[in-house]
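Structure, as structure tokens:
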Amino acid sequence: GTKCRPTGGYNSVKTGHAQPYESQAELLFMRQCEADHEVVTWLAQPHRLEIFVEGKKLIYFPDFSVLYADGREEVVEIKRDKAREVFGELAIKLERAERIYQTANVGFRILDLSDLRVEPRCSNAEEIQRHSRTHFVRSEVFWLMDEACRDPSGTIPFARAAEILGGGVVGHKKLCAMIV
């Protein structure tokens with residue numbers, strides 16, 4: 001069944017404090033949010049939504065709220081296996097919640113482990129997370145921006161960026177931390 005208490009807390013760089021998680025799938029999603037350069041910030045269990053269905057009050061606590069760099073906001077529900085878990089009252093609750101979020105121009109998705117374990121996203125997020133707290137200085141960010149501006153595409157390959165930051169393991173770790 002559904003857990004009512006957190007399994008643990010994840011210390012997030014992007015949110016600035018520990019976020020509770022209730023399953024390994026939620027923890028995996030948190031790590032991917034931290035490693036995704038398009039995610040500005042995210043929150044676990046961000047709010048409470050009361051939904052009335054045929055006079056009965058259903059209470060819904062979404063798993064995550066995510067804010068992206070382009071201004072989009074999205075609510076995400078995490079399940080181990082959505083095909084097996086989303087039925088009955090929960091299916092009604094999620095369907096109604098999705099309609100409410102649509103009226104507020106907020107996206108809504110239900111993800112499960114099969115969505116979260118997609119490669120190379122999953123292993124890349126893990127690699128970035130291992131080095132997310134590596135120290136770097138602001139001037140190094142400007143070095144990368146300067147190099148990217150010189151290229152007509154406005155981008156530079158990962159290996160070149162790591163080289164600019166000192167090369168080898170040190171450059172790789174600093175670049176991972178900058179992504180977060």
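Numbers at a glance
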read-out: Answer residue from the range 78-96, given it is aliphatic (A, V, I, L, M) and in contact with a helix residue (DSSP H, G or I) (Cβ under 8 Å, 6 or more places away or on another chain) and is nearest to A25 (Cα to Cα) among those; value: I78
read-out: Cβ-Cβ under 8 Å pairs, at least 6 apart or on other chains, the range 82-101 side within 16 Å of S23 (Cβ to Cβ), far side basic (K, R) and outside any helix (DSSP H, G or I); value: E85/K79; V86/K79
read-out: Test: residue in the range 73-86 that is closer than 27 Å to K14 by Cα, open to solvent by 60 Å² or more (accessible area, probe 1.4 Å) and under 13 Å from the mean Cα position of the chain (by Cα); value: yes
read-out: Scan of the range 103-136 for residues that are surrounded by 13 or more Cβ atoms within 10 Å (Cβ to Cβ) and in contact with a strand residue (DSSP E or B) (Cβ under 9 Å, 6 or more places away or on another chain), ordered by number; value: V106, G107, F108, R109, I110, L111, D112, L113, D115, L116
read-out: Matching residues, the range 27-66, being among the basic types (K, R) and under 22 Å from E98 (Cβ atoms); value: R48, K56, K57
read-out: In the range 25-57, the residues that are within 25 Å of F87 (Cα to Cα), loosely packed, with under 13 Cβ neighbours inside 10 Å and under 20 Å from the mean Cα position of the chain (by Cα); value: H47, R48
read-out: Hits in the range 104-126 - residues which are free of Cβ contacts under 8 Å to residues at least 60 places away in the same chain and either under 19 Å from Q24 (Cβ atoms) or part of a loop (DSSP other than H, G, I, E, B) (or both); value: A104, N105, V106, R109, I110, S114, D115, V118, E119, P120, S123
read-out: Listing of strands (runs of 3 or more DSSP E) fully contained in the range 37-103 that carry 3 or more residues being at pLDDT 95 or above; value: 39-44, 64-68, 73-79
read-out: Residue satisfying all of: in the range 155-171; under 30 Å from R117 (Cα atoms), of a type outside the set (A, V, I, L, M) and outside any helix (DSSP H, G or I); least open to solvent (accessible area, probe 1.4 Å) among these; value: G167
read-out: Condition broken by E163, with the remaining ones in (1) under 27 Å from A25 (Cα atoms); (2) touching a helix residue (DSSP H, G or I) at 6+ places or on another chain (Cβ under 9 Å) satisfied; value: (1)
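The values are calculated or read from the model by the stated rules, or taken from the named source; none is laboratory data. Everything numeric in this text was worked out from a predicted model, so none of it was measured. Because the Cβ atoms are built from the backbone with ideal geometry, glycine has one as well, and the counts that use them run over all protein chains shown. Ligands, DNA and RNA are excluded from the accessible area calculation, which covers all protein heavy atoms including side chains. Shrake-Rupley method; radii C 1.70, N 1.55, O 1.52, S 1.80 Å.
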